[in-house]
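The values are calculated or read from the model by the stated rules, or taken from the named source; none is laboratory data. These numbers were taken from a predicted model, which means no experiment stands behind them. No Cβ is skipped: glycine too gets one built from the backbone with ideal geometry, and neighbour counts run over all protein chains shown.
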């Protein structure tokens with residue numbers, strides 16, 4: 001292995017110390033779940049497992065493999081695994097885990113930049129995940145190693161997130177899991193207890209969900225639907241946001257103008273409102289380039305109907321129930337179709353070993369919900 005820089009020596013010592021901690025984590029749904037892996041379960045992150053496809057019979061190089069848990073989980077799916085890491089403790093633990101589990105894998109100690117001199121063969125897939133690239137001082141050497149190791153037509157797979165995302169959820173790590181309920185926090189400037197604290201005992205009741213869905217027909221092909229709901233969020237709000245596609249080209253691009261997608265926001269609670277945001281030219285002589293700005297057009301329903309008494313949703317529905325008015329109620333077959341869809345999602349979570357994430361009261365949910373949209377280049381409407 002090449003001589004380590006001072007940065008690399010400190011980093012190596014840090015990861016050497018973490019190996020014993022991570023390799024000893026046997027919790028149900030927390031940390032690295034080593035015991036579940038040794039019991040024969042696939043503990044690979046559900047996101048990775050859903051995206052990586054069929055790797056049966058394929059050769060796979062895992063860069064920054066730590067103590068080999070993900071590497072051997074991939075091997076359990078049928079791949080021939082080679083793992084590389086610069087932590088001697090990590091490589092030793094990976095080899096021991098391979099022996100203890102009976103899952104074959106080859107593990108090599110070395111720096112990423114040493115891969116071209118350490119490994120002559122090429123692979124069907126090069127893999128790395130969660131908290132890998134933030135530790136690298138030279139991304140050029142990293143990409144050169146990937147280029148060297150990947151077969152023509154091979155796949156480079158990376159699952160990662162901005163390190164700031166973990167600041168929103170102290171108890172959740174990528175690939176790990178935690179209590180599905182909201183923890184203690186603050187809403188509206190007031191301290192509030194967590195769900196378990198209020199209940200007085202541990203609970204596995206979900207209090208938040210975020211989903212990306214598609215409608216399987218020609219009209220909505222390729223259009224993602226992001227759905228999010230939860231308890232103890234920063235505010236009580238119900239709205240529908242329609243974000244239009246960006247135009248493929250801008251006639252003003254040559255003048256320095258930048259465009260944003262138009263957006264329609266239909267507010268339902270606490271106030272009924274319709275807002276349409278579109279791009280407009282900023283007035284001026286344009287001597288420093290043409291500038292565009294997103295301008296909102298509002299239809300303020302509360303002002304238009306300020307003379308009417310407003311009722312909360314449950315109050316209105318309960319009164320309709322008493323009076324036998326079914327106008328605002330869904331039909332039975334519609335309700336059954338909803339539950340059929342939801343039950344299928346829950347079954348998929350259980351089958352894939354999906355572990356819920358905890359979140360802090362007063363936040364917009366766990367960091368995984370943010371990553372759900374950000375990796376598609378869009379964001380939740382939290383304004």
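From the list 261, 283, 248, 224, the lone residue that is out of contact with any helix residue (DSSP H, G or I) (no Cβ under 7 Å at 6 or more places or on another chain) and touching a residue at least 40 places away in the same chain (Cβ under 8 Å) is 224. Going by the conditions given, is residue 21 modelled with pLDDT under 90 and either buried (at least 19 other Cβ atoms within 10 Å of the Cβ) or in contact with a strand residue (DSSP E or B) (Cβ under 9 Å, 6 or more places away or on another chain) (or both)? Considered against the rule, which asks whether it is modelled with pLDDT under 90 and either buried (at least 19 other Cβ atoms within 10 Å of the Cβ) or in contact with a strand residue (DSSP E or B) (Cβ under 9 Å, 6 or more places away or on another chain) (or both), residue 21 comes out as no.
Scanning region 56-81 for residues that are surrounded by fewer than 22 Cβ atoms within 10 Å (Cβ to Cβ) and over 24 Å from residue 372 (Cβ atoms) returns 56, 57, 58, 59, 76, 78, 80. Among the residues examined, residue 155 does not qualify as within 25 Å of residue 376 (Cβ to Cβ), part of a strand (DSSP E or B), at pLDDT 70 or above and in contact with a helix residue (DSSP H, G or I) (Cβ under 6 Å, 6 or more places away or on another chain). Residue selection: residue 4 satisfies the criterion of being at pLDDT below 85, surrounded by fewer than 20 Cβ atoms within 10 Å (Cβ to Cβ) and outside any helix (DSSP H, G or I). Could you please let me know if residue 337 is at pLDDT below 85, surrounded by 12 or more Cβ atoms within 10 Å (Cβ to Cβ), under 36 Å from the mean Cα position of the chain (by Cα) and in a helix (DSSP H, G or I)? No. Count of region 344-362 residues, restricted to those that are out of contact with any helix residue (DSSP H, G or I) (no Cβ under 6 Å at 6 or more places or on another chain) and in a loop (DSSP other than H, G, I, E, B), is 6. If you go through region 111-141 and pick out every residue that is assigned to a helix (DSSP H, G or I), touching a strand residue (DSSP E or B) at 6+ places or on another chain (Cβ under 8 Å) and at pLDDT 85 or above, you end up with 2. Close contacts from region 336-354, counting a first residue that is more than 16 Å from residue 49 (Cα to Cα) and a second that is in a loop (DSSP other than H, G, I, E, B), with Cβ to Cβ under 9 Å and a gap of 6+ residues or different chains, come to 338/330. Residues in region 87-98: is at least one at pLDDT 80 or above, under 29 Å from residue 148 (Cβ atoms), within 23 Å of the chain's Cα centre (by Cα) and not in a loop (DSSP other than H, G, I, E, B)? Within region 87-98, not a single residue is at pLDDT 80 or above, under 29 Å from residue 148 (Cβ atoms), within 23 Å of the chain's Cα centre (by Cα) and not in a loop (DSSP other than H, G, I, E, B). For residue 286, are the conditions met, namely being modelled with pLDDT under 80 and surrounded by 13 or more Cβ atoms within 10 Å (Cβ to Cβ)? Here the answer is yes, as residue 286 does meet what is asked.
Residues in region 38-66 that are within 14 Å of residue 108 (Cβ to Cβ) and assigned to a loop (DSSP other than H, G, I, E, B): 64, 65, 66.
Pairing residues of region 126-137 that are touching a residue at least 12 places away in the same chain (Cβ under 8 Å) and at positive phi with residues that are part of a loop (DSSP other than H, G, I, E, B) and buried (at least 18 other Cβ atoms within 10 Å of the Cβ), at Cβ distances under 7 Å and at least 6 apart in sequence or on separate chains, gives 130/174; 130/175; 131/174.
Taking the criterion of being out of contact with any strand residue (DSSP E or B) (no Cβ under 8 Å at 6 or more places or on another chain) and under 30 Å from residue 286 (Cβ atoms), the residues of region 204-256 that qualify are 245, 246, 247, 248, 249, 250, 251, 253, 254, 255, 256.
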